[in-house]
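The structure under discussion appears below in the form of structure tokens.
The values are calculated or read from the model by the stated rules, or taken from the named source; none is laboratory data. Bear in mind the structure is a predicted one, so any value in this text is a computation, not a measurement. FYI the Cβ positions are ideal-geometry reconstructions off the backbone, even for glycines, and counts take in every protein chain you see.
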Amino acid sequence: MTGTPVLRLDGLAVRYPSRGFRRPPTTVIEDVSFEVGEAETVALVGESGSGKTTIGKAVLGLTPVSGGRVLLAGRDITRLTGRARRLLSSDLQAIFQNPYGSLNPALPVGRTLAEPLLTSGSTLSRAEVHEHIADLLRRVGLPEDAAGRYPAQFSGGQRQRIAIARAVARRPRVVICDEPTSALDVTTQAAALDLLAELQRTFGCAYLFITHDLAVVKEFAARTLVLQRGRIVEEGPSAEVCERPRHAYTRRLVAAAPVPDPVLQRRRRQERTDMRAATG
Amino acid sequence: MFPIILRRLALSVPLLLIVSAITFVLESFVPGDPARTVLGINATQEQYDALRAAMHLDQPVAVQYWLYLRDLLQGDLGSSLFSGESVLGLIGQRLPVTLALVIGGTLLASLVGVVLGVYSATRGRFSRRLFDILSLLGSAVPNFWIALMLVAVFAVKFGFFPATGYTPFAESPGQWAAGLVLPVISLSIGGVAFISKVTRDAMMSTLGLDHIRTLRASGIRPSSIVWKHALRGCGLPVVTTIGLMMITFIPGTILIENVFTLPGLGTTVVDATNQHDLPVVQGLTITFTVMVIVVNLLVDVLYSLLNPKVRAE
Amino acid sequence: MTTVEAPPKARSRPRTNPFAGIWRRPVPAAAFVVVVGISVAVILAPLLAPHPPLAQDLLHTLSGPSANHPLGTDVLGRDVLSRLLYGGRPTLIGVGLAVLVYAFFGMSLGILAGYLRGWTDRVIVAVLDVMLSVPAVIITLAVLAIFHQSNAAAMLTIGFFASAGLARIIRSSCIALREELFVDAARVSGLGPARIMARHILPRLTGQLLVPVFLFSGNALAIQTGLGFLGLATPAPAPSWGGMVGEAAQIMQQDPYLLFVSGGVIGLMSLSFGLVGDGLRDLEQDRRQATGGRLRRPVPATAPQDANKPSDAPPDGAVLAVRDYSIAFATAQGPRTVVDSISFSVRSGEIFGLVGESGSGKTVTGLSLLGLLPPNGAVTSGSAWLAGTRISGLPERELQGIRGSEIALVSQEPMVALDPYFTIGSQLSEVVRRTGAVPGGKEAVRQRVRDLLTSVHLRDPDGVARRHPHELSGGMLQRVVIAMALAGSPKVLIADEPTTALDVTVQAGILDLLRSLRDEHGMAIILITHDLGVVADSCDRALVMEQGRIVEEGPVEDIFYRPRHPYTRQLIASTPSIAPTEGRIA
């Protein structure tokens, strides 16, 4: 990693006020710090309740931050709201988990894709927007006439491609990917990951890839952070984390993930049983 | 559960204040002079002035309202400008009639509505369509007209029930009940349609839920699935609807009481409005509002009893 | 870049006009015609009415319908039809005013509260609460006392107070819309609140306005005519629908005919408002479900024919066998086959994987074996056998006897698989009493429940039994669901994606449990899953399905190490693995 990281989190904390009188607030994430370099993919892995989605939302300004800072290319964006936050959209984008909910069912795909192109700060003409959309659709492997059709006419994998196209439309520097493939079938997932990797090579955007699945990020992400109950417990190159986990929680996580290989899986299961017997 | 009741009660105080203030201000615009009304045209100017002062009519509206509230806290709602009767006494005398109508109508509509709703949810498509039309008919036709038709058929033609009038319970429980049969039925028909439709819809969506499938997969009998598990799952929407229906029954009694000339709050409020009998209108408005508050309170209590998550807290 | 999926069949453009499609439904369409027809007739009353509404003809009082008086005359010999036409004017004007106020306040208060949230929301909600608790009719009576017999003032008051109900509906839809991912996505795309409201929120709310408006029109009509009936809204000789009912009521004992006419027109109008409202709501629901029309009848199941054909008999040794089994669903485009003549057998004590991606038909196959297909689905050919007994085509009553005791289900989402209103203990005992055949009384049932919960390795069985489902974690709940499935000691357990909704560490525990239960009880487990890791971990044999057909079947070692079908190979290659790559056979 050279120069300023494109995204840096510095002691980020999110706490929600608890219901009830004088109860301490619920901590969702606490003291989360990490960096994402230019055109790098960093994975954020955790189980349900680990706070991984909250981190993504905090970076995007969709949830209030209680402490710490978020820096985009060196600039503090933690508490930006309104117009200043909207102007960030050219640098910071997102892909959400559910490809069925993230596209407005009443708008044709072309208009959804035009949205990021027509926002404040854009100077594109109508024809340029049109051309841009056609280019985007081609890049994500969809037919050109897709622009005139509605989300309901596409499969889940195709919708996720549309969502990806919307995210990269303005060549952002960072894209937050919140479980972008977990609602997809494995064959579709593989294709979507390939597409993301290809777009990264073309546009040079960095990904913060949020997922529950260690196996997915092993080859996709350069570095992996493991999150447990709102705190980062382990960080390192993805292959390291998956093959030589140091923290006990990561070890449990790795041991529990089944591999698609009956003989190897039988051995791993035995190891897991032994490990559990050893630790009690 | 208690916090919910306390919260509801705390909210009802400002509500009563607002409602009474609205009516008070509105009534202050009513043309005519209550003091004149009471005294008639033959009174002297001295008598007139004295009464105005006694009724605080020489004061600004805000002060009048304040004085009214002070009396209210002491349980004094004033007295009728016409009969001179105490308003509280009048309410005490008329309330049982209206309550009998509202409670009777609610019980009848809930019982019939829930049974019909469950029945139609578990039958085929054709009977559902038919049921839709019937329930729409029940809710569309105005209840005063239904009341008139019932009178025309069951009272005038067959003479099964008295057409109009009211016998106090203490005088003859049998006649009291007979006199209420047609009013209660007319009041509840719209409610039956409403409740059965909500029950039907809730039932159908509950029957499609995963936990119902688990029960079916475990070999539980359909009767237990429908009447024990699914009906319990419909509890919240059905109870909400019964509460809403009861609230519409409260003003609904106005027309029904007038059709059957029952001496309830509804006939009283129409007469008082026509006569500009302010203290009575005020008192009745507060009574009606209190009835709405009590119904809402009941719904809240039922809610927390039905919902294990609330109950646990 | 890998394969791009074929787009599903192009559907017509989603309609935003809420009336579109109403003409294809005869009842709401007819009602709409009635509403418009009566309104136009009332507006054109001066042109259409055969007589002036107040002209008396004392020689022909209470005459029945005749050529001169199509609907007869009233007690003063006035023409009933003319009075109905003129009488509709105050009524419909009143309803119109009430609806305008209702829609205006309901929409604006609802959107302001729902989109701006914060203090605005709190204040508006408080105001709405007051409005809903006020006995509006009583306030209306007070208003009528000031504005003597003013129809307009009364109906404006009614519309205003009723708008609180609409505002609540609009507010909650608005809040729900705000939470939709596409609104988040629009915000991340850099759209400002005004544009989000204009492009994403408002268009979706206007469609929701019509249904309440038509339903409220019916209420307003009832209230207006009610006021007319009490003589409060229209001065005496002038006709109004409610007033005509009142006049008719006074002579009801002599001649109830007029009661039918005057009440009938109110009822007809009111019913039509309701029918249009209901029709629009149905259309909206259909659009939301994107079925493009109502589902037709389910595909009829073929009768269990040729039951004694030799090839139809169950093979020996298999506890469950499926032969030439097809399943179809009724859709708007006609029947669609989702499982296409599949055959397989499962032996006792074996964990059998049913593997496939979405749309492969694996879950539907599992559910159909229990007779739990959705109402629009049916088995269209073939047979299924459980321990030598044919179970496909059995009547519902006999299936009930089999479910839970011979064949049981563990479903995908443990969080919603149990009845939220009953404790774990009471649900389990109901199943135990139904299927477990436990001799003895309450104590025996309780002991059996305790044993079942212990057998799925729940630490504090009595504590768990006392809890409601929402008090347990997903992993614990799935254990409870498994315990429930075990209650009848079934021969076959169908586990439909039992770990998909669970975290990976919890998943490992559930899979371990299923294996140990198989070892203890020797039942067959059909494990339906999309996850090849789960298959490799737990299954002895497996079946790979693609779009309703079997592409490969065999022992898992064969499937993973010697896949024959290209789809199986693609599936294996696409499945990410956490293990070091040299261990994989590609």
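Summary of values
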| item | result |
| --- | --- |
| Any hit, segment C:199-217, residues being at the interface with another protein chain (Cβ under 8 Å from one of its Cβ atoms), in contact with a Ser or Thr (Cβ under 6 Å, 6 or more places away or on another chain) and closer than 30 Å to C:Leu112 by Cβ | no |
| Subset of segment A:242-253 [buried (at least 22 other Cβ atoms within 10 Å of the Cβ) and either in contact (Cβ under 8 Å) with a residue 40 or more places away in the chain or more than 14 Å from chain C (Cβ to nearest Cβ) (or both)] | A:Leu253 |
| Among residues of segment C:531-584, those that are out of contact with any helix residue (DSSP H, G or I) (no Cβ under 7 Å at 6 or more places or on another chain), touching a residue at least 60 places away in the same chain (Cβ under 8 Å) and either more than 25 Å from C:Ala318 (Cβ to Cβ) or within 8 Å of another protein chain (Cβ to nearest Cβ) (or both), counted | 1 |
| Boolean, C:Val481 is surrounded by fewer than 24 Cβ atoms within 10 Å (Cβ to Cβ), among the hydrophobic types (A, V, I, L, M, F, W, C) and either in contact with a Leu (Cβ under 8 Å, 6 or more places away or on another chain) or closer than 24 Å to B:Arg232 by Cα (or both) | no |
| Matching residues in segment A:130-144 - criterion: being surrounded by 18 or more Cβ atoms within 10 Å (Cβ to Cβ) and either more than 9 Å from chain C (Cβ to nearest Cβ) or of a type in the set (Gly, Ala, Ser) (or both) | A:Ile133, A:Leu136, A:Leu137, A:Arg139, A:Val140, A:Gly141 |
| Spans of strands (runs of 3 or more DSSP E) in segment A:16-79 with at least 3 residues under 21 Å from A:Thr250 (Cα atoms) | A:26-36, A:41-45 |
| Selected residue [on the phi > 0 side of the Ramachandran plot and not charged (D, E, K, R)] from C:Gly366, C:Gly353, C:Gly377, C:Gly359 | C:Gly359 |
| Evaluation of C:Pro193 against (1) within 14 Å of chain A (Cβ to nearest Cβ); (2) buried (at least 24 other Cβ atoms within 10 Å of the Cβ); (3) touching a residue at least 12 places away in the same chain (Cβ under 8 Å) (one fails), failing number | (2) |
| Matching residues, segment B:274-302, being outside any helix (DSSP H, G or I) and surrounded by 20 or more Cβ atoms within 10 Å (Cβ to Cβ) | B:Asp277 |
| Residue count for segment B:10-58, restricted to those that are over 26 Å from C:Thr140 (Cα atoms) and either in a helix (DSSP H, G or I) or facing chain C (nearest Cβ under 10 Å) (or both) | 12 |
| Selection within segment C:407-461 - within 23 Å of C:Asp512 (Cα to Cα) and over 36 Å from the mean Cα position of the chain (by Cα) | C:Arg448, C:Arg450, C:Asp451, C:Thr454, C:Ser455, C:His457, C:Arg459, C:Asp460 |
| Some residue of segment B:201-218 being facing chain C (nearest Cβ under 10 Å), touching a Phe, Trp or Tyr at 6+ places or on another chain (Cβ under 8 Å) and either at pLDDT 85 or above or farther than 17 Å from B:Leu116 by Cβ (or both) | no |
| Hey, B:Thr98 in contact with a Gly (Cβ under 6 Å, 6 or more places away or on another chain), under 24 Å from C:Gly228 (Cα atoms) and in contact (Cβ under 8 Å) with a residue 60 or more places away in the chain or not | yes |
| The listed residue being under 12 Å from C:Ser189 (Cβ atoms), without any contact (Cβ under 8 Å) to a residue 40 or more places away in the chain, buried (at least 20 other Cβ atoms within 10 Å of the Cβ) and not charged (D, E, K, R), out of A:Ala94, A:Ala167, A:Ala163, A:Ala114 | A:Ala114 |
| The one condition in (1) buried (at least 20 other Cβ atoms within 10 Å of the Cβ); (2) away from chain C (no Cβ under 12 Å) that A:Ala127 fails to fulfil | (1) |
| Residue in segment C:479-497 that is of a type in the set (S, T, N, Q) and within 20 Å of A:Asp261 (Cβ to Cβ) present | no |
| Any hit, segment B:62-81, residues being surrounded by 17 or more Cβ atoms within 10 Å (Cβ to Cβ), under 30 Å from B:Gly179 (Cα atoms) and within 28 Å of the chain's Cα centre (by Cα) | yes |
| Pairs where the first residue, in segment A:55-79, is more than 14 Å from chain C (Cβ to nearest Cβ) and the second is surrounded by fewer than 19 Cβ atoms within 10 Å (Cβ to Cβ) and among the aliphatic types (A, V, I, L, M), C-beta under 7 Å, 6+ apart | A:Ser66/A:Ala13; A:Gly67/A:Ala13; A:Gly68/A:Ala13 |
| From the options C:Ala167, C:Ala186, C:Ala162, residue that is hydrophobic (A, V, I, L, M, F, W, C), within 8 Å of chain A (Cβ to nearest Cβ), surrounded by 17 or more Cβ atoms within 10 Å (Cβ to Cβ) and in contact (Cβ under 8 Å) with a residue 12 or more places away in the chain | C:Ala186 |
| Test: residue in segment C:409-425 that is at the interface with chain B (Cβ under 10 Å from one of its Cβ atoms), at pLDDT 90 or above and not in a loop (DSSP other than H, G, I, E, B) | yes |
| Residue list for segment A:171-184, restricted to those being surrounded by 22 or more Cβ atoms within 10 Å (Cβ to Cβ) and either within 22 Å of A:Ala215 (Cβ to Cβ) or in contact with a Ser or Thr (Cβ under 7 Å, 6 or more places away or on another chain) (or both) | A:Pro172, A:Val175, A:Ile176, A:Cys177, A:Asp178, A:Pro180, A:Thr181, A:Leu184 |
| Test: residue in segment B:40-54 that is surrounded by 12 or more Cβ atoms within 10 Å (Cβ to Cβ), under 24 Å from B:Val294 (Cβ atoms) and among the small types (Gly, Ala, Ser) | no |
| Filtered residue count, segment C:121-139, keeping only those that are assigned to a helix (DSSP H, G or I), within 16 Å of C:Ile158 (Cβ to Cβ) and of a type outside the set (A, V, I, L, M) | 1 |
| Residue tally, condition under 23 Å from B:Val239 (Cα atoms) and either among the aliphatic types (A, V, I, L, M) or assigned to a loop (DSSP other than H, G, I, E, B) (or both), over segment B:124-164 | 4 |
| Tabulated pairs, segment C:433-452, first over 17 Å from C:Glu406 (Cβ atoms), second modelled with pLDDT under 85 and assigned to a loop (DSSP other than H, G, I, E, B), C-beta under 9 angstrom, 6+ apart or interchain | C:Ala444/C:Val438; C:Val445/C:Val438; C:Gln447/C:Val438; C:Gln447/C:Gly440; C:Arg448/C:Val438 |
| Any chance C:Thr234 is crowded, with 20+ Cβ neighbours inside 10 Å and either touching a strand residue (DSSP E or B) at 6+ places or on another chain (Cβ under 7 Å) or assigned to a loop (DSSP other than H, G, I, E, B) (or both) | yes |
